[in-house]
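*Asks:* Handing you a structure now.
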Amino acid sequence: MAEEPCQCSDCQRFYKEHDRLIREFPTFKQQQELNWASIQSFRTLCSKVTNELQKQLSDSESREDISQDEKHISDIEITEALDELESVNAYLYSIEALMERIFDTQISNNIESKFKEISNELAPDPLNLDRLILNRLFHQTPDFPDKENIS
């Protein structure tokens, strides 16, 4: 028996985003580009935040107008964050190296068509009229019928 997907709000948000990405980027090449851009943007943002935190830590060490308690807590938080972000940046560089291998892969237009076909099966358009009707039928309950049942 297949296990039901998790219904918590985080998982539901993930499923919706997952399906949206498949619908909007249904080819192999589009998925390559999407993932590359995502990793690069994450790396850029993490690097920029890391640089800003390092600068802030350096500035706070040189300034003496901050109370010792505030400075100590702030510096500890920044130092811990910098340690974590350095690890994240290292992981992102590793992912980037793996992604470069994926970019070496080229596929034919016939296979790209298969990607589009499968993407429609994996993540059908939720606003498609047939899907809306089907969803409506699936979600009917005796307490909330779509049509009045006159017996």
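The values are calculated or read from the model by the stated rules, or taken from the named source; none is laboratory data. On a predicted model such as this, the values are computed, not experimentally measured, just so you know. Neighbour counts run over all protein chains shown; Cβ positions are idealised from the backbone, glycine included.
*Asks:* Consider segment 30-56. How many of its residues are among the polar types (S, T, N, Q) and either surrounded by fewer than 15 Cβ atoms within 10 Å (Cβ to Cβ) or more than 23 Å from residue 111 (Cβ to Cβ) (or both)?
*Replies:* Pass one, segment 30-56, residues among the polar types (S, T, N, Q): 30-32, 35, 38, 40-41, 44, 47, 50-51, 54, 56.
From what is left, the residues that are either surrounded by fewer than 15 Cβ atoms within 10 Å (Cβ to Cβ) or more than 23 Å from residue 111 (Cβ to Cβ) (or both) are 38, 40-41, 44, 47, 50-51, 54, 56.
Going through segment 30-56 one residue at a time, the tally reaches 9.
*Asks:* Taking segment 90-130, which residues are part of a loop (DSSP other than H, G, I, E, B) and either loosely packed, with under 12 Cβ neighbours inside 10 Å or more than 22 Å from the chain's Cα centre (by Cα) (or both)? Working first, answer last.
*Replies:* Filtering segment 90-130 for residues part of a loop (DSSP other than H, G, I, E, B) gives 104-108, 123-128.
Hits for segment 90-130 are 104, 105, 106, 107, 108, 127, 128.
*Asks:* Here is a further query. Mind telling me which of the residues 98, 21, 57 ends up being modelled with pLDDT under 95 and under 25 Å from residue 124 (Cβ atoms)? Step through it out loud before you land on a result.
*Replies:* Values: 98 fails: under 25 Å from residue 124 (Cβ atoms); 57 fails: under 25 Å from residue 124 (Cβ atoms).
Selected residue: 21, the only one of 98, 21, 57 that is modelled with pLDDT under 95 and under 25 Å from residue 124 (Cβ atoms).
*Asks:* What residue, among those in segment 37-52 that are of a type in the set (Gly, Ala, Ser) and without any contact (Cβ under 8 Å) to a residue 12 or more places away in the chain, is nearest to residue 79 (Cα to Cα)? First the steps, then the outcome.
*Replies:* Within segment 37-52, the first condition is being of a type in the set (Gly, Ala, Ser), and the residues that meet it are 37-38, 41, 47.
From the residues that got through so far, the ones that are without any contact (Cβ under 8 Å) to a residue 12 or more places away in the chain too are 37-38, 41.
Working: 37: 28, 38: 26, 41: 23 Å.
Out of the qualifying residues, it is 41.
*Asks:* Take segment 1-40 and flag every residue that is small (Gly, Ala, Ser) and assigned to a loop (DSSP other than H, G, I, E, B). Walk me through it before giving the result.
*Replies:* As a first pass, look at segment 1-40 and keep what is small (Gly, Ala, Ser): 2, 9, 37-38.
Within segment 1-40, 2 is the sole residue that qualifies.
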